[in-house]
Amino acid sequence: MINQTVLDRFLRYVVIDTQSKEDSNTYPSTSKQFDLLNLLVKELKELGISNVQIDEHGYVMATLPSNLPASDKAYGRTPAVGFIAHVDTSPEVSGANVKPQVIRSYAGGDIQLPGDPSVVIRESENSALKLAKGKMIVTSDGTTLLGADDKAGCAIIMTALQHLVNNPSILHGDIKIGFTPDEEVGAGTKHFDIKKFGAQFAYTVDGDTPGELNKETFSANSCLITVHGRDIHPGSAKNIMVNSIRVVSDIIVRLPKHMAPETTEGYEPYIHPYVLEGGVGKSTVKILFRDFRTEGLDDLRTIVEKVVAEVQPMHPKAKIEVQIQESYRNMREGVERDPRVIDYLFEAARRSGLDPAWVPIRGGTDGSKLTAAGLPTPNIFTGGANYHSRTEWVSVWGMEKSVETVTNLVQVWVEKTRES
Ligand SMILES: [Zn+2]
């Protein structure tokens, strides 16, 4: 099993169905995630890593111990650094019977997928395809997602470990490995034991375009609006029925359209109604609040409250409730507290021949929650694109550059520790 390329590993992992599920009452949300988690345990052991553990929640944790000699200036002082990837794939698109398509040399232009010719990866919509010209990429057959999110991360971490095990002359501190379930349903860190993990700094390998690094995510709240109406037979409804569908429609139509995911980019915030359920007697709408400034979330709340205040008098007999819950917070403050975690990552990507850039993530990562809980965890690219869709694809070159960045990164930590 040892000495496999990142592509070998990737192709083996993506055919394992690990789709997670919303509103499950088990953890992990689907037991099939254990199929890959257990395989990773087996492969970690085959790499010669001794203390591999999997707990009842499915968290796989392992350590590649430091190989620094006692004579080294960095011995005993190099922080333990962790690498984390999630095994599950998004509930949005099927991850069963994935048939990866390897394109040996991408010639440019649109890519029509063989399993469903209506599914096309368009050059005009994929700026990262430019970097992939003449290089190897992998797509699905168009009937499922690919699962590069985040099996590319799993394959990258395993291949980097293999490289370190095979090259003992590369000196490193303690390296902590974490493979986790249920990231896609927002529960990837629910039972993550930071103390047991034992890293002082960590990185998720769960980004996309080669060279892009992430230290900023949205801050996020979720908002639930519930409208209680009154249902009665339509034949005798006059002046009695209160149709909550009309009330909730009046609310949705007033949400600002210039503050929607489909009309914003970069650092712009949004208010995004994404699930609507309704009947005459009761309707609910779930809304996402997203802003890079945590204080900005209060402004979004005010906007929605004003809309509700405007709609309520139009339907005096309806009862409108607004509930807001915290989802996750921008990791920026937490990772900048000790800038080594980001500075060394940037240096490692540069040493891999890339022109790295910090890109804000218009979403959250497991790193957002880990950082908030005290483990600074920025995010590293994988080479993937178009996550959660049938047009998902990955650059094999990008995965290789990510492996290189990870192996450079553990060395940068040692070198900088020596100098300090
Ligand atoms: Zn992911």
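The values are calculated or read from the model by the stated rules, or taken from the named source; none is laboratory data. Since the structure is predicted, the reported quantities are computational estimates derived from the model, not experimental observations. No Cβ is skipped: glycine too gets one built from the backbone with ideal geometry, and neighbour counts run over all protein chains shown. Accessible surface is based on the protein model in full, side chains and every heavy atom, while ligands, DNA and RNA are left aside. Shrake-Rupley method; radii C 1.70, N 1.55, O 1.52, S 1.80 Å.
A few points about this structure:
- Of the residues making up region 25-51, those that are closer than 17 Å to S94 by Cα and either touching a strand residue (DSSP E or B) at 6+ places or on another chain (Cβ under 6 Å) or not aliphatic (A, V, I, L, M) (or both) are S29, T30, S31, K32, Q33, D35.
- In region 127-146, residue farthest from Y387 (Cα to Cα) [restricted to those that are open to solvent by 10 Å² or more (accessible area, probe 1.4 Å) and not basic (K, R)]: G134
- Hits in region 205-228 - residues which are open to solvent by less than 20 Å² (accessible area, probe 1.4 Å), closer than 15 Å to N330 by Cα and of a type in the set (G, A, S): S219, A220
- Test result for F192, under 27 Å from T26 (Cα atoms), in a strand (DSSP E or B) and not β-branched (V, I, T): no
- Any hit, region 229-240, residues being in contact with a strand residue (DSSP E or B) (Cβ under 8 Å, 6 or more places away or on another chain), open to solvent by 20 Å² or more (accessible area, probe 1.4 Å) and either outside any strand (DSSP E or B) or within 16 Å of the ligand (Cβ to nearest atom) (or both): yes
- Output for region 354-391, where each listed residue is open to solvent by 10 Å² or more (accessible area, probe 1.4 Å), assigned to a helix (DSSP H, G or I) and either at pLDDT below 95 or over 22 Å from R337 (Cα atoms) (or both): D366, K369, A372
- Residue within region 35-46 that is more than 25 Å from G383 (Cβ to Cβ) and in contact (Cβ under 8 Å) with a residue 60 or more places away in the chain present: no
- Restricting attention to region 315-330 and to residues that are in a strand (DSSP E or B) and not aliphatic (A, V, I, L, M), the residue that is surrounded by the most Cβ atoms within 10 Å (Cβ to Cβ) turns out to be Y328.
- Of everything in region 151-189 that is in a strand (DSSP E or B) and more than 15 Å from the ligand (Cβ to nearest atom), the residue that is most open to solvent (accessible area, probe 1.4 Å) is K176.
- Whenever a residue of region 225-244 is of a type in the set (D, E), its partners that are open to solvent by less than 50 Å² (accessible area, probe 1.4 Å), lying with C-beta atoms within less than 8 angstrom and at least six residues away or across chains, give the pairs D231/G279; D231/V280; D231/G281.
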